[in-house]
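Values in this text are rule-based calculations from the coordinates and carry no lab data. Being a predicted model, the structure only gives us computed values, none of them experimental. A quick note on method: Cβ atoms are made from the backbone with ideal geometry, for glycine too, and the neighbour counts reach across all protein chains shown.
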Amino acid sequence: MSGTSLSVGLPGVPAVPAAPRTGLSEDPQWFRTAVFYEALLRSFADSDSDGVGDFAGLTSRLDYLAWLGVDAIWVPPFYPSPMRDGGYDISDYTGIDPRYGTVEDFEGMVREAHARGIRVVIDMVLNHTSDAHPWFQASRSDPSGPYGDFYVWSDSDEAYAGTRVIFVDTESSNWTWDEQRGQFFWHRFFSHQPDLNYDNPAVVEAVTDVVRFWARTGVDGFRLDAIPYLVEREGTSSENLPGTHAVVARLAAVLAEEFPGTITIAEANQMPSEVVAYFGTPEAPECTMCFHFPVMPRIFRSLREGSADSIRQVLAETPDIPAHGQWGTFLRNHDELTLEMVTEDERALMYGWYAPEERMRANVGIRRRLAPLLGDSRDELMLAHALLLSLPGSPCLYYGDEIGMGEDIWLEDRDAVRTPMQWDRSRHMGFSSAPQDAALTLPLISAPGWAERNVADALADPGSLLHALRGLLTVRRQHPALGRGSFLMRASSSAAVLAHTRQDLSPDGEVLLCLANVSEEACEAVIGLEDLAGARTGVVLGGPEGSGEDAAVGEDGRLGVTLVPRGYRWLSLSLPVKES
Ligand code: NOJ
């Protein structure tokens, strides 16, 4: 366990300068301007040479994350688990899997993160447990006992027939027969992950206590896994039902009352018109943030189509959200690049562009990493991030994507994108000093060109993707309008050029015009800025190519811009002070 020093590091890794930030900001709205980073604990950094990443390892890398400009880490499940679903199969809600360390290690990580101004969001899997969880063991062996009704049991496998199967690669039904109890149990994911029964008030009480338990450790928030599926009803899709919202609202009320300021992030892979309900209302708030799933595949689509129309459309279909809420955006995470929220035609296009080989696909999606998806093109990677950092919502990065880490489609399921972080060129790429290759939680990337990538080399090269992305994050930090500003899509004469403004509504708040040319051709476009006629422009990011710099929006409210292929630019717009 590290002490309170701000310059901890693993041996053999160049020290990363400590971040100037110390301690947490007082801003209760911190999540609006925050950049999140998903640190897959298991694969991030191994401190005790057992081949599995752990809390002490993560702690040792916090300086790196602070340097990068990360404001909050999201730590996927670390609870005791048979690990048949990457830890999303929990067998003890209030423990820490010994592979990841001790309670002291966890608390030390939270403390050290906070010392660097980094918040900690942990995963909370409420929809289901592992079948190894004592609640399930008791439920199956003693139907009339206190846990008999903790899960969803049925004599038939025909109930809730309108409910889709999510893991189509492995499951053919949401019901599985349990020999011991002599009944079927309900599960939305793997058949070893029985769903909890949220019609039982004792279940709601039990999971509320779990949330309280972890909130007491001082974490800053919870990602609520698979939240749309808590309650099931005959004749419905069993998704987003009123009973589910009632549970989320109750949890939100408990947190607001007992742990004010603790945020929740909904993982609801649904269209925005449905997700918006997970923010609740001002009177009955639910989540602080909700991931915006459907905008993600449209960013990828736009790059291959050379048109930003699909992004424009999905944002036009995105309803306003209550003032307490904020979207969460991402390009990749530990799951497949989900294609659940696209049309069949779009799915076929996406598979054709991004997953030509069968092994690149999983369930309804693509199990690939960001850099290989984008052909390792620096221009596309930068453009995708410039979009991510300027569209409404707080962005979440996925570990390793900042150094353009590769994938291994020969690994099973989503392990293709969960390989050990590549820190340096030492043994096991600095991830672990385990004596045996076989001891590693997953094999390292071995493909030439990808195997060598690592943080230390990227740090040493001022021209690296890592430095370029850090630069983007730095600019974003300097312009809070990108996090908390209002959002307005602007008319663009070119389908390839996405133009939107972000306006900080506080007094003297700035207005930024964000431009992105998603095509491979240079583009000229006329942007409609009628309410900003006569405003002067200044380059905040991008350039110096093309026009726009030191130009002014015409008196007719039109601004002509030129963007290089895959070019992006953020411009500040300031209206001349009116003479009185
Ligand atoms: C969503 C998680 O992101 C995913 O990794 C997991 O497999 C499912 N929930 C089921 O727990």
Under 14 Å from the 7 Å Cα→Cβ point of residue 246, by amide nitrogen: which residues of the stretch 198-228?
-> 198-205
Taking the square root of 5λ for each eigenvalue of the C-alpha gyration tensor of the chain, the equivalent ellipsoid has semi-axes, largest first and in whole angstrom, of 39, 28, 24
For peptides 133-140, 570-577, sequence by mean Cβ density within 10 Å, most packed first | 133-140, 570-577
Once the Cα gyration tensor of the stretch 469-580 is diagonalised, what are the square roots of 5 times its eigenvalues, in whole Å and ordered largest first, as equivalent ellipsoid semi-axes?
-> 21, 18, 12
Once normalised by the length of the chain, the mean sequence separation of its alpha carbon contacts under 8 Å that are 6 or more apart gives a contact order in percent of 12
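Using the Cα centre as the reference, give the magnitude of the dipole from point charges on the C-beta atoms of the stretch 319-455 (Lys, Arg: +1; Asp, Glu: -1; all else neutral), rounded to the nearest 20 debye. If you can, show how the numbers build up before the last one.
Numbers: 13 positive and 22 negative charges, 82 e Å.
Here the stretch 319-455 has a charge dipole of around 400 debye.
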All alpha-carbon distances of the stretch 195-295, grouped into 10 Å bins from 0, give the whole-percent distribution 15, 50, 31, 4, 0
At 25 °C and 0.890 mPa s, grab the translational diffusion coefficient of the stretch 280-418 from Stokes-Einstein with a Kirkwood Rh over Cα pairs, rounded to a whole number in µm² per second.
-> 156
Report the full-extension gain for the segment residue 154 to residue 505: residue separation times 0.36 nm, less the Cα-Cα distance, to one decimal in nm.
-> 121.0 nm
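Relative to the compact-globule scaling 2.2 N^0.38 Å, provide the ratio for the alpha-carbon radius of gyration of the stretch 373-522. Numbers along the way, then the final one.
Details: Rg = 18.9 Å, N = 150, 2.2 N^0.38 = 14.8 Å.
The value comes to 1.28.
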Surface/4 of the Cα convex hull for the stretch 159-252, nm² = 7.2
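What does the charge count around residue 485 come to, taking other residues whose C-beta lies under 12 Å from its C-beta (Lys +1, Arg +1, Asp -1, Glu -1)? Numbers along the way, then the final one.
Values: positive: 32, 476, 484, 502; negative: 504, 510.
Value of the local net charge: +2.
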